[in-house]
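**Student:** This is the structure, below, for whatever I ask next.
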Amino acid sequence: MNIENIKSVYFVGAGGIGMSALIRYFLSKGKLVAGYDRTPSELTEHLIAEGAQIHYEENVDLIPEACKNMESTLVVYTPAVPQKHAELVYFRNNGFEIQKRAQVLGTITHNSKGLCVAGTHGKTTTSTMTAHLLYQSHVGCTAFLGGISKNYDTNLLLSQSSPYTVIEADEFDRSFHWLSPYMSVITATDPDHLDIYGTEEAYLESFRHYTTLIQSGGALIIHKDIALKPDVQAGVKVYSYARTEGDFHAENIRIGNGEIFIDFIAPDTRINDIQLGVPVSINIENGVAAMALAHLNGVTDEEIKQGMASFRGVDRRFDFKVKNDKVVFLSDYAHHPAEIAQSVKSIRDLYQDKKITAIFQPHLYTRTRDFYKEFANSLSLLDEVILVDIYPAREQPIPGVTSQLIYDNLRPGIEKCMCKKEDILELLSQKQIEVLITLGAGDIDNYVPEITKQLTIDN
């Protein structure tokens, strides 16, 4: 189906962060946009205010008439929605064109130069940083992001003239195989989504296949320390990057007083005294990857320096909510053991003498089953861990798989407790908090405003 011929687009699972960028894109093109999501959220309310028609009841009768015309309607769904979902079944039984989000993204971006960021973790921050570097420069870009950029308060950037589209390339359900990158960063390939892939080998194979999709004349910028052996087409340049080594890296790293400065080293340039707008140490590595993409696509050294200093971060990615002399509170989306370890190390760099407490909500039963020991190891880097129940998302419970598995494997001597979500505020009111972080990709974020309020009042 030619996207230009579509009059209406219907989204089954409209509230996801990736889906919402597509909703905003189609609204910008003047299409009628409607859809279903299971629960209202701040994001769905924003989308409704921007013109989307969204309902929260699984009911075919609530689908607008305009979206029941098979000839002019595209149906987009997320794999997180069950296949037996009544509305999805209706569209399938009536012969509608039904595509995954990633398929649609692949079609939209096929005729542009896709700058894609893939990897188990780091991809949202790195892609948002890349988008900011390009968007604020003379080069410009369109961007489909996996988080809300704090610079622009949206996850969609539009350019009428730039040939570049920045895309977060998601490996879940092999979604990134629909893309045709001009250039790509791969940040990490720590196994994840084993409910889909089964084995680490299959996971790495999926990334290998992804590297074959990079277009001749383009480039792959791959983290130096990952197990993946890329398999690129002829005419694709392969560069390495890491924090302090590789074709692109940082030197002269200065961390102190809540600030980070680095020198950026590329094969053909050096940019001294770059200040990180979000001064956490993981952003040194994310920044090197983003600057590499920007540099290879014509952003000037001075524009890179300005862009890095003015980058404000992404909602729920190292998102500082309270920061004063008495207490620090931040929210982070980390939901994989390697991400959590990186988060904790980054906080420890900034607050070496403080007690660091985390509230962790595991995301998915399968991920907890597959990695509970790794989660326990990462969380054991903290001083105190508060564990809440697993967020199920699309899954049914698995007998014997609960947060207790992680709890029982935490290092001896660590302060720890289990807590119901609704009791978090009461529990925190009894503690002397120094540095607090909420970790997880579920609905733990819904409690952040109340926690922020309580910590602000108490301090």
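The values are calculated or read from the model by the stated rules, or taken from the named source; none is laboratory data. What you are looking at is a predicted structure, and each value in this text was computed from that prediction instead of being measured. A quick note on method: Cβ atoms are made from the backbone with ideal geometry, for glycine too, and the neighbour counts reach across all protein chains shown. We work out accessible area using only protein heavy atoms, side chains counted, and drop any ligands, DNA or RNA first. Shrake-Rupley method; radii C 1.70, N 1.55, O 1.52, S 1.80 Å.
**Student:** Restricting attention to region 277-285, does a residue exist that is of a type outside the set (V, I, T) and without any contact (Cβ under 8 Å) to a residue 60 or more places away in the chain? Don't jump to the end; show me each part of the working.
**Tutor:** Of region 277-285, the ones of a type outside the set (V, I, T) are 277, 279, 281, 283, 285.
Subsequent filtering for residues that are without any contact (Cβ under 8 Å) to a residue 60 or more places away in the chain retains 277.
So far as region 277-285 goes, yes, one or more of its residues are of a type outside the set (V, I, T) and without any contact (Cβ under 8 Å) to a residue 60 or more places away in the chain.
**Student:** Within region 307-327, restricting attention to residues that are aromatic (F, W, Y) and not in a strand (DSSP E or B), which residue is farthest from Q275 (Cα to Cα)? Outline the logic, then answer.
**Tutor:** Restricting attention to region 307-327, the residues satisfying the condition of being aromatic (F, W, Y) are 311, 318, 320.
Filter once more, so that each one left must be not in a strand (DSSP E or B): 311, 318.
Details: F311: 10, F318: 17 Å.
This residue is F318.
**Student:** Is it true that some residue in region 270-282 is closer than 25 Å to D349 by Cβ, within 23 Å of the chain's Cα centre (by Cα) and in a helix (DSSP H, G or I)?
**Tutor:** For region 270-282, residues closer than 25 Å to D349 by Cβ, within 23 Å of the chain's Cα centre (by Cα) and in a helix (DSSP H, G or I): present.
**Student:** Looking at region 237-258, is at least one residue touching a Leu at 6+ places or on another chain (Cβ under 8 Å) and over 30 Å from F207 (Cα atoms)?
**Tutor:** Step one: of region 237-258, the residues touching a Leu at 6+ places or on another chain (Cβ under 8 Å) are 237-239, 255, 258.
Retained after the next criterion (residues that are over 30 Å from F207 (Cα atoms)): 255, 258.
Yes, region 237-258 contains at least one residue that is touching a Leu at 6+ places or on another chain (Cβ under 8 Å) and over 30 Å from F207 (Cα atoms).
**Student:** Among the residues of region 135-180, write down those that are surrounded by 19 or more Cβ atoms within 10 Å (Cβ to Cβ), aromatic (F, W, Y) and modelled with pLDDT under 95.
**Tutor:** Answer for region 135-180, where residues must be surrounded by 19 or more Cβ atoms within 10 Å (Cβ to Cβ), aromatic (F, W, Y) and modelled with pLDDT under 95: F144, F176, W178.
**Student:** For region 225-245, name all the residues that are over 30 Å from S281 (Cβ atoms) and open to solvent by 60 Å² or more (accessible area, probe 1.4 Å).
**Tutor:** Of everything in region 225-245, those that are over 30 Å from S281 (Cβ atoms) and open to solvent by 60 Å² or more (accessible area, probe 1.4 Å) turn out to be D231, Q233, A234.
**Student:** Considering each of D315, D263 in turn, give the residue that is open to solvent by 10 Å² or more (accessible area, probe 1.4 Å) and touching a residue at least 12 places away in the same chain (Cβ under 8 Å).
**Tutor:** Working: D263 fails: open to solvent by 10 Å² or more (accessible area, probe 1.4 Å).
Result: D315 is the single residue among D315, D263 that is open to solvent by 10 Å² or more (accessible area, probe 1.4 Å) and touching a residue at least 12 places away in the same chain (Cβ under 8 Å).
**Student:** Could I ask something else about it? Select, from L330, L382, the only residue that is modelled with pLDDT of 90 or more, assigned to a strand (DSSP E or B) and either closer than 25 Å to I148 by Cβ or open to solvent by less than 40 Å² (accessible area, probe 1.4 Å) (or both).
**Tutor:** Values: L382 fails: assigned to a strand (DSSP E or B).
Just a single option satisfies the conditions, and that option is L330.
**Student:** Among the residues of region 203-216, which ones are open to solvent by less than 50 Å² (accessible area, probe 1.4 Å) and out of contact with any Leu (no Cβ under 9 Å at 6 or more places or on another chain)? Full working, then the answer.
**Tutor:** Just the residues of region 203-216 that are open to solvent by less than 50 Å² (accessible area, probe 1.4 Å), to begin with: 203-204, 206-207, 210-214.
Matches in region 203-216: S206, T212.
**Student:** Answer with yes or no whether T39 is polar (S, T, N, Q), modelled with pLDDT under 90 and surrounded by fewer than 14 Cβ atoms within 10 Å (Cβ to Cβ). Please lay out each step first, then the result.
**Tutor:** On the way: polar (S, T, N, Q): yes; modelled with pLDDT under 90: yes; surrounded by fewer than 14 Cβ atoms within 10 Å (Cβ to Cβ): yes.
Yes, satisfied.
**Student:** Being surrounded by fewer than 15 Cβ atoms within 10 Å (Cβ to Cβ) and not in a loop (DSSP other than H, G, I, E, B) is the filter here; which residues of region 385-403 pass it?
**Tutor:** none
**Student:** From the list I406, I340, pick out the single residue that is closer than 21 Å to A188 by Cβ, assigned to a helix (DSSP H, G or I), open to solvent by less than 40 Å² (accessible area, probe 1.4 Å) and out of contact with any Cys (no Cβ under 7 Å at 6 or more places or on another chain).
**Tutor:** Details: I406 fails: closer than 21 Å to A188 by Cβ.
On inspection, the qualifying residue turns out to be I340.
Conditions (1) in contact with a Ser or Thr (Cβ under 8 Å, 6 or more places away or on another chain); (2) part of a strand (DSSP E or B); (3) free of Cβ contacts under 8 Å to residues at least 40 places away in the same chain; (4) of a type outside the set (D, E), marked per residue:
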{"position": "Y10", "(1), (2), (3), (4)": "yes, yes, no, yes"}
{"position": "G15", "(1), (2), (3), (4)": "yes, no, yes, yes"}
{"position": "M19", "(1), (2), (3), (4)": "yes, no, no, yes"}
{"position": "L22", "(1), (2), (3), (4)": "no, no, no, yes"}
{"position": "Y25", "(1), (2), (3), (4)": "no, no, no, yes"}
{"position": "G30", "(1), (2), (3), (4)": "no, no, yes, yes"}
{"position": "V33", "(1), (2), (3), (4)": "yes, yes, yes, yes"}
{"position": "P40", "(1), (2), (3), (4)": "no, no, yes, yes"}
{"position": "E45", "(1), (2), (3), (4)": "no, no, yes, no"}
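Conditions (1) over 29 Å from G146 (Cα atoms); (2) open to solvent by 70 Å² or more (accessible area, probe 1.4 Å), marked per residue:
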site	(1), (2)
K420	no, yes
L428	yes, no
V435	no, no
T438	no, no
V448	no, no
L455	no, no
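**Student:** Could you list, in sequence order, all residues of region 63-94 that are open to solvent by 60 Å² or more (accessible area, probe 1.4 Å), within 18 Å of L32 (Cα to Cα) and in a loop (DSSP other than H, G, I, E, B)?
**Tutor:** N69, M70, E71
**Student:** Can you pull out the residues in region 411-434 that are without any contact (Cβ under 8 Å) to a residue 24 or more places away in the chain, within 20 Å of A376 (Cβ to Cβ) and not small (G, A, S)?
**Tutor:** Across region 411-434, the qualifying residue is only P412.
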